[in-house]
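Trainee: Okay, here's the structure, questions in a sec.
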Amino acid sequence: MQTYDSLLATITPSSGPTRDILDPATGAVVGSAPVHSVEDLNRVVAAAVAAQPAWAALGHAARSETMQRVADAIDAAAEPLAELLSREQGKPLNGPNARFEVGGASAWLRTAAATVLETEVVLDDGPAQASLHYRPIGVVGAIGPWNWPMMIAIWQIAPALRMGNAVVVKPSEYTPLSVLALVAVMNQVLPEGLVTVVSGDREIGAGLSSHPAIGKVMFTGSTATGKAIIRSSADTVKRLTLELGGNDAGIVLPDADPAAIAEGLFWGAFINTGQTCAALKRLYVHDDIYDEVCEALTALAAAIPMGVGLDENNVLGPLQNKAQYDIVHRLVESAKESGARVLIGGNPVAEQPGYFYPTTLIADIDHDNALVVEEQFGPALPIIRYSDIDEAIALANSLDVGLGGSVWSSDLDKAREIAARLETGTVWINSHGTIHPMVPFGGAKQSGYGLEFGVEGLKALGVPQVISG
Ligand code: NAD
């Protein structure tokens, strides 16, 4: 039985340069992460190149069975993994947070293992025959962010393994321990060299995205970094899946029931303390029910506990790092200066050990305020009043990102009609951000391209090959 201490010991470097990783809730040292070099990157890429053919040769059934055993190993280490994730990322153990994330990682892995990508007959006309197959890419680079480090690493690793690839993972420099630990647990089962982690700064990410032996980069992170990766991968014409930033709008129609939707709206916006790509980041509410929705959300915000993640009572935590705290603080201040109405929050305690920003709701805010048009990625939700649905849709579509969106109504047909007019990769009806391992997920506009999850997600980790004749 793996304990927290034994898990941490397996990833603590015995030599080479290291960096202390601090708990964002307390400032305490969580552990020490290796600072890998470009030479280290080259070494693990070479090991991945060597390990990949035998893995591909196993075939789908044997790979699938091995991946189920990897998921068993994650389940067996779930509690120490969740504790490490909570300490490093800041998210509480409970609520839709650390234990939920580890459980999700295992569930996504199992679904990818069980999903079958069938050969597609694209032409069947007498002697004219053509079929579409997917070959392994080879070595896949997986670059991830700090908000859902384990879950997102699995979203990248699982379909890559299923399709016969090796993977080199580059976690965020803010949350390397979570990914190092997850991969260490996976490697209790996987063959050596098949999945490795390089832990370092953005130079390692840039090295990975220009490396000639890497055929594809799965990237999840900011739009600015996504653009840098497009550039640095150009010379080697890498395949890319880019899951980038978002600024999701939710539109509440006048026929919605404020009491019935309040909880869905709240967690749509504040899951992982707002540090979620497809969180609800701008809420447009019809004038008829604006005050009722504001009141219901304020009551929830006042009641839902925020604090140190290891305290079992808390379900909201700190911002993961100082840079993100500063962004949230700046955006809320800009809203306050513009004369917008603070319903709750907006008053962080200056002297405290962690990066805690209180749950904040801002009403009667202009649609062009910085808190509305920039991605806050934290616990501060602007609530914009509208009276004309066409105007609300135009505002929702007015930004250059389009990850998700939502429509809230008691009339499903009407909600679906409006959903079809939103320029986003996903539109949810009467929920926001709910994902499923078989339902494709991806962005529109500058929120990226490519799909993850399900059969479409597997296709993205193979090279299509047509056999004709
Ligand atoms: P980030 O772009 O700053 O960093 C992400 C990763 O890219 C890190 O590992 C970083 O080291 C690496 N990196 C930085 N510069 C690089 C370069 N030039 N080349 C290669 N790699 C480089 O993002 P973040 O702050 O960690 O994450 C927050 C952002 O991620 C938000 O915008 C959020 O919306 C987005 N996000 C999107 C999704 C999605 O599915 N669309 C999911 C989660 C987060």
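The values are calculated or read from the model by the stated rules, or taken from the named source; none is laboratory data. Everything quoted here is computed from the prediction, not taken from an experiment. No Cβ is skipped: glycine too gets one built from the backbone with ideal geometry, and neighbour counts run over all protein chains shown. Heads up: the accessible areas ignore ligands, DNA and RNA and are worked out on the full protein's heavy atoms, side chains in. Shrake-Rupley method; radii C 1.70, N 1.55, O 1.52, S 1.80 Å.
Trainee: Of the listed peptides 238-244, 363-369, what is their order by residue-averaged count of other C-beta atoms within 10 Å, with the highest listed first?
Mentor: 238-244, 363-369
Trainee: Give the distance, in whole Å, between the Cα centre of the range 160-202 and the Cα centre of the range 283-350.
Mentor: About 34 Å separates the Cα centre of the range 160-202 from the one of the range 283-350.
Trainee: Of LYS170/LYS227; LYS227/LYS445; LYS281/LYS459; LYS170/LYS459, which ones are farther than 24 Å apart at the Cα?
Mentor: On the way: LYS170/LYS227 17 Å; LYS227/LYS445 13 Å; LYS281/LYS459 31 Å; LYS170/LYS459 22 Å.
LYS281/LYS459, as the Cα separations exceed 24 Å there.
Trainee: Please list, or write none, the aspartates and glutamates whose alpha carbon is within less than 20 Å of the alpha carbon of LYS238, excluding same-chain residues fewer than 8 places away.
Mentor: Within the straight-line limit of under 20 Å, LYS238 reaches these aspartates and glutamates: GLU203, GLU452, GLU456.
Trainee: Beyond 28 Å, what share of the Cα-Cα pairs of the range 248-429 is found? Please give it as a whole percent.
Mentor: That fraction is 18 percent.
Trainee: Counting only protein heavy atoms, what percent of the accessible surface of the range 15-161 is carbon or sulfur at a 1.4 Å probe?
Mentor: It is 58 percent, rounded to a whole number.
Trainee: Quick check on packing: order 30-36, 112-118 by the mean number of other C-beta atoms within 10 Å, highest mean leading. Walk me through the numbers on the way to the answer.
Mentor: Numbers: 30-36: 21.0, 112-118: 16.7.
Descending mean neighbour count gives 30-36, 112-118.
Trainee: Calculate the radius of gyration of the Cα atoms of the chain to one decimal place, then report Dmax, the largest Cα-Cα distance, as a whole number, both in Å.
Mentor: Cα-based Rg and Dmax for the chain come out at 22.5, 77 Å.
Trainee: Still on this structure, please answer the following. Taking the alpha-carbon centroid of each part, what is the distance from the range 351-406 to the range 408-469 in angstrom?
Mentor: A separation of 22 Å, based on Cα centres.
Trainee: Hey, got a sec? Which trypsin sites (Lys or Arg not before Pro) in the range 258-359 land in a DSSP loop and have at most 12 other Cβ atoms within 10 Å?
Mentor: none
Trainee: Mind ranking 298-307, 311-320 by how tightly packed they are, going by the mean number of other C-beta atoms within 10 angstrom, highest first?
Mentor: Top of the packing list down: 311-320, 298-307.
Trainee: So what's the projected area for the range 99-254, the Cα convex hull averaged over all directions, in nm²? Mind dumping the intermediate values first?
Mentor: Working: hull surface 55.8 nm².
Computing the convex hull of the Cα atoms and averaging its projections yields 14.0 nm².
Trainee: Give me the percent relative contact order of the range 248-429, please, defined on Cα pairs under 8 angstrom at least 6 residues apart.
Mentor: Here the relative contact order equals 28 percent.
Trainee: Now a separate question. DSSP H helices in the chain with Cα extent of 18 Å or more along the helix axis and mean Kyte-Doolittle hydropathy at least 1.0? Display every interim value, and only then the final one.
Mentor: Values: long enough: 38-57 (29 Å, 0.70); 60-76 (24 Å, -0.48); 98-114 (24 Å, 0.35); 149-162 (20 Å, 1.03); 290-303 (20 Å, 0.77); 322-337 (22 Å, -0.71).
Flagged H segments are 149-162.
Trainee: Kindly report, to the nearest 10 Å², the accessible surface of ASP124 as traced by a 1.4 Å probe over protein heavy atoms only.
Mentor: 110 Å²
Trainee: Which FRET efficiency value, to the nearest 0.05, do you get for ALA350 and ALA57 by plugging their Cβ-Cβ distance into 1/(1 + (r/R0)^6) with R0 = 41 Å? List each step's numbers first, then the result.
Mentor: Values: r = 60 Å, r/R0 = 1.45.
The pair ALA350/ALA57 has a calculated efficiency of 0.10.
Trainee: Take every Cα pair under 8 Å in the chain that's 6+ residues apart, average their separations, divide by the length, and report that relative contact order as a whole percent.
Mentor: 19 percent
Trainee: What GluC sites (Glu not before Pro) in the range 136-228 are in a loop by DSSP, with at most 15 other Cβ atoms within 10 Å of the Cβ?
Mentor: Here the sparse-neighbourhood loop sites are GLU192.
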